[in-house]
1. Can you tell me, using C-alpha contacts under 8 Å and at least 6 residues apart, the relative contact order of the chain as a whole percent?
2. Let me test this: with uniform point scatterers at the alpha carbons of the range 92-134, what is the Debye-based log₁₀ I(q)/I(0) at q = 0.23, 0.27 1/Å?
3. At 1.4 Å probe size, with the rest of the protein present, what percent of the exposed accessible area of the range 313-458 is carbon and sulfur atoms?
4. Answer with one residue from F441, L495, L397: the one whose Cα lies farthest towards the positive end of the charge dipole of the chain, charges on Cβ with Lys, Arg +1 and Asp, Glu -1.
5. Measuring from the lowest to the highest alpha carbon on each principal axis, how far does the range 1-80 reach, largest first, in angstroms?
6. With a bin width of 10 angstrom, please list the P(r) values of the range 1-137 as percents of all Cα-Cα pairs, from the 0 bin to the one holding the largest distance.
7. Treating the beta-carbon of each Lys and Arg as +1 and of each Asp and Glu as -1, no other charges, what is the dipole magnitude of the chain about its Cα centre, to the nearest 20 debye?
8. So what is the relative contact order of the range 422-485, in percent, for Cα pairs below 8 Å that sit 6 or more residues apart?
Amino acid sequence: MKTTVKKEIRVRIAPSPTGSAHIGTARTALFNYLFAKKNKGKFVLRIEDTDKERSEQKWTDEILTELRWLGIKWDEGPDIGGKFSPYKQTQRMDIYKKYLEKLLSEKKSYYCFCSEEELESKRQDQLTRGVAPKYDGKCRNLSEKEIQKKISSKEKAVIRFKVADKKIRFLDLIRGMVEFNAGLLGDVVIAKDLGTPLYHFAVVVDDFEMQISHIIRGEEHLSNTPRQILLQEALGFYQPVYAHLPLMLNMDKSKMSKRQGDVAISDYHKNGYLPEALINFMALLGWNPGTEKEIFSLAKLVKEFSIEKVQKAGAIFNVQRLDFINGFYIREKPIEKLTELCIPYLKEAGLLIAGQISENKLEKIIEVSKTRMKKLFDIVELSGFFFVDKVAYDKNLLKWDDMKDGDIKDALLLCDKTLSELKDWEIKKIEWALMGVAGEFNRQKGYPEKNRGFLLWPMRVALSGKQFSPSPFEISDILGREKTLKRIRGAVEKL
Ligand code: GLU
């Protein structure tokens, strides 16, 4: 059968709601979305919940919520309907039944009564003989009489599809010509009964019924494709165009798994990755524009994306790259917006108590912290010291370079004196005043004159309790005179 290039481009994602929405689903959704938008086509979201035991509504809800958060919009789906409604497989059972009956009546599939134990023992036997396990076709040619007898005596059965012993070739948009020997597969179970179709069958029926033109999905499905093509042939369906996206790999090139890091979209969401950053990052998981350019908005991706530029080799999920891209988008945000995004994290950490701090001050805190932020959650660690009464730190941190203990104390006392005498508490004035005495301090102590660390490092640590933080001027400005002096004096007492 020839691949039919449908006039209208229609693509889909078909996640199974059996667990947290996976980051791989998000990437597949993105590539489908981009392909649809680029080609003025439609992007369909279909929920594959035929596995009734493992599927749960809460996972369906999560898939929808997280894709919406990412800004990947579908044109048809379970929530908004569409011309091929419904978009949930459990609501489409009549459709599958019709096609299952068709295959049975045309003898392209058959009832199989082999018990699990029997199948397992045959499998073990094949393995010990060193042959690849496959169904031996025992029930393939039962007579109509035998079948009816077994059914009426309520023998347990499944429906198997007769997989032809032939070569399947198809042109994959990413992988080029792919060839499989279907004869190795053995007859596949396509339904438990007429009311319980399984994945391979339901997916083929739905892709046909929903007139999907291109199937863009992860490489882990590549080996499913020959079976699905054979089912299409048996049912007299057209063959969609396939494109299998490269696997997503950990840094050590192993398959991405929960054990090595976050795999749920919601994990990235909760930790404060921005949707535009994740979109940008995910687009580069397998696609590249052929230039050094790394920053792409969704709109730009729609313009520049092309499926032909997707690579075959596995795509490494490099969290450092994600952090870099996320940091870029964080710094791009208008400060009011970024503050709004940080507030829930500060509240959750118990740092931000309503009415305790002015909006203006909060924005200043975010402004001076944002250069170090990789994700929104980092704001807690980076700015916590602004919100607490007392900062805790090891007094050794107060020491800059090879400073003597007595000098640390003198530096702090000098900062205290200089700032106590300051009339207006403004950042520039704080800076000028301290810079004005730093040179003289170094001269007196015999330190290199230009190295301001001897005066400013102890003060900065006294204010933040941290090795890295915004400048002492920025912190003093935000803390205000009273708190600043109190923290400097607290440090003096420590020594
Ligand atoms: N339900 C399948 C999954 O979640 C979708 C397979 C496909 O895209 O054909 O992996």
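1. 13
2. -0.76, -0.84
3. 53
4. Toward the positive end, the furthest listed residue is L397.
5. 37, 32, 23
6. Percent of Cα pairs in each bin: 10, 27, 27, 23, 12, 1.
7. 1060
8. 35
The values are calculated or read from the model by the stated rules, or taken from the named source; none is laboratory data. Since this is a predicted model, take the numbers as computed values, not measurements. Methodologically, a virtual Cβ is constructed for each residue, glycine included, from the backbone with ideal geometry; neighbour enumeration extends over all protein chains shown. When the accessible area is computed, the model is the full protein with side chains, heavy atoms only, and any ligands, DNA or RNA have been set aside. Shrake-Rupley method; radii C 1.70, N 1.55, O 1.52, S 1.80 Å.
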